[in-house]
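One structure is given here, and the rest of the page talks about it.
The values are calculated or read from the model by the stated rules, or taken from the named source; none is laboratory data. Predicted model, so just to flag it, every value in this text is computed and none were measured. All Cβ positions, glycine included, derive from the backbone under ideal geometry; neighbour counts span all protein chains shown. The accessibility values were calculated without ligands, DNA or RNA, using every heavy atom of the protein model including side chains. Shrake-Rupley method; radii C 1.70, N 1.55, O 1.52, S 1.80 Å.
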Amino acid sequence: MFFFRKRLLVIILFLISLNLFSEDFFKVKEGIEKGSWKKVSFLYLSPKLSIKNLGYSNNIYLMEEDFEPDWTADLGLQVILSSIFLNRFIFQIDEFPYYSYYAKNKDERSFNNEFGFNLYSYVGFLNLKYQFKKLYIKQRPTKEFGRRVRQNLINHTLSLDFGTHDSFFLNLYIKQNEIKYINELYLDEYDLSNLLNLKEYWGGISLNKIIFSRTILSLNFDYFEQDFDYSKERNRIGKQVSIGIKFPEISSIRGSFQYGLRIYEPSNPLFENFTKPFGSGDISISLFRRLRINFNYSIDNIFSYWQINSAYNQKSIGTGIEYYLSRKLKLGYKYRTSKLSFTDLYEGIEVREDNFHTNSVYIGIKLFKKMGIGIEYLMYRGDSTEPGFKRSYNFIGGYIIHEF
């Protein structure tokens, strides 16, 4: 672990000494100049009003044994400030404070903040990006959770591209994630900070080729380490290989997907090594100008708060359809099913299974440009082979659409 950290520091200092940066600098610059709401002196301003979860839920805690109805709302204003310096550097600050309101359950009310900083630059065929994120949020961090919990998240990412984004380019990156939970018992039983606080270190390389119409095919190799603050028996390293495709935003097929294999090597000699598939994707297809079909999925392996020696394989798949009655009115339906298979890491056998199903219908109304409002009705049901983890809730409410 210390060897990896020293190497990580050396690489960061080396890259910073080069004035280089990632993502195509000129495409980022073009997006800022064309997409910003207003320019004030040397600053480009992009504000976004955010209203989510505005409505009524018959069970804000999801768990049937922890049943509580309430009126809710997440209200915030996101502001992105960008500056282009000497046509060589782009500085970007993304500040998003929001307040979660609960009419009846005052203990659930919370202030949240998401802060980000991006720095871009280039030298010839080299593009470099540094990204910093700091999140102070109360949320459900994974599908295993019913109640929301407070998290402090810090992320540093340094990414270097070499080549041309219109043909072939190589990407190298290093990343550090820090995940902290507030030191309180979850459901009066589980010490989340003791079980889940950790630092992650990632490094990887990807080969990227434009195959047609600006669609990117990528082959990725990654290495990672997970270092838990207190539950050291959970520490592990891993390697993974994957293939991915990213479609251009201007085509009738949009989005991206990735699929691969990940090898886990626990530091605890009592835990078995294992290999699992992983991946995620979100693809949208537009047909006949009025019809849009969406497909998404997620595959992962995640440590559980349920038992110190348990992790679960998550498989989630969703689909949706939107029909535009006119340019300013659309109807939609979404369905998602998820399966969590909990494994005993000592014996490598499945000891629990949770299944969730979500159905929702919604209507969206365009107000101007790409912004609109909507109303949605959602039904969520979940079952488990373990007593006490059955779930259900219904929600009806409104939201703001930023991509109509």
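Please list Phe212, Phe115 from largest to smallest accessible area, probe radius 1.4 Å, with all protein chains kept in place. Provide the component values of the computation, followed by the final result.
Details: Phe212 115, Phe115 65 Å².
Result of the area sort, largest leading: Phe212, Phe115.
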Heads up, region 217-304 by the C-alpha gyration tensor (a ≥ b ≥ c square roots of eigenvalues; a/c under 1.5 rounded, else a/b over b/c prolate, else oblate) looks prolate
For the chain, which whole percent of the accessible surface, found with a 1.4 angstrom probe, sits on carbon and sulfur atoms? 61
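Starting with the highest mean, order 321-327, 306-312 by the number of other Cβ atoms within 10 Å, averaged over the residues of each peptide.
Working: 321-327: 13.1, 306-312: 18.1.
The densest-packed peptide leads the list: 306-312, 321-327.
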Select from region 96-198 those GluC sites (Glu not before Pro) which occupy a DSSP coil region and have at most 13 other Cβ atoms within 10 Å, ordered by residue number. Glu184, Glu189
Kindly report, to the nearest 10 Å², the accessible surface of Met371 as traced by a 1.4 Å probe over protein heavy atoms only. 40
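Could you work out the helix-only [θ] at 222 nm for the chain, with each DSSP H run of four or more residues adding -39,500 (n - 2.57) and the total divided by the number of residues, to the nearest 500 deg cm²/dmol? Mind showing how you got there, number by number?
Numbers: 3 runs with 31 residues, N = 404.
So the helix-based figure for the chain works out to -2500 deg cm²/dmol.
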Which aspartates and glutamates, if any, have their Cα less than 16 Å from the Cα of Lys328, not counting same-chain residues under 8 positions apart? Glu403
Quick one: ranking Glu225, Glu347, Glu386 by accessible area, 1.4 Å probe, largest first, what do you get? Glu347, Glu386, Glu225
Can you list the lysines whose alpha carbon is less than 27 Å from that of Lys209, not counting same-chain residues fewer than 8 positions off? Lys27, Lys29, Lys34, Lys129, Lys175, Lys239, Lys246, Lys276
Projected onto the charge dipole of region 261-313 (unit charges on the beta-carbon of Lys, Arg, Asp and Glu, signs +1, +1, -1, -1), the Cα from Ile302, Ile263, Ile285 with the largest positive-side position is that of Ile285
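State whether region 131-221 is rounded, prolate or oblate according to the following rule on the C-alpha gyration tensor (a ≥ b ≥ c being the square roots of its eigenvalues): a/c under 1.5 gives rounded; otherwise a/b larger than b/c gives prolate, and the remaining case gives oblate.
Values: a/c = 3.45, a/b = 2.63, b/c = 1.31.
Verdict is prolate for region 131-221.
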Per residue, what volume in Å³ does the Cα convex hull of region 314-353 take up? 58
Under a Gaussian network model of the chain whose springs join Cα atoms within less than 10 Å, the largest fluctuation of Ser251, Ser316, Ser338 belongs to Ser251
Run the quick spin-label model on Lys315 and Leu81: label points 7 Å from Cα toward the beta carbon, then report their separation in nm to one decimal. 4.8
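Find the accessible area per residue for the chain; the probe is 1.4 Å, ligands and nucleic acids are left out, and the unit is Å².
Counting only protein heavy atoms, the per-residue value for the chain is 53 Å².
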So what's the Cα pair-distance distribution over the chain, bin width 20 Å, in %? 22, 59, 19, 0
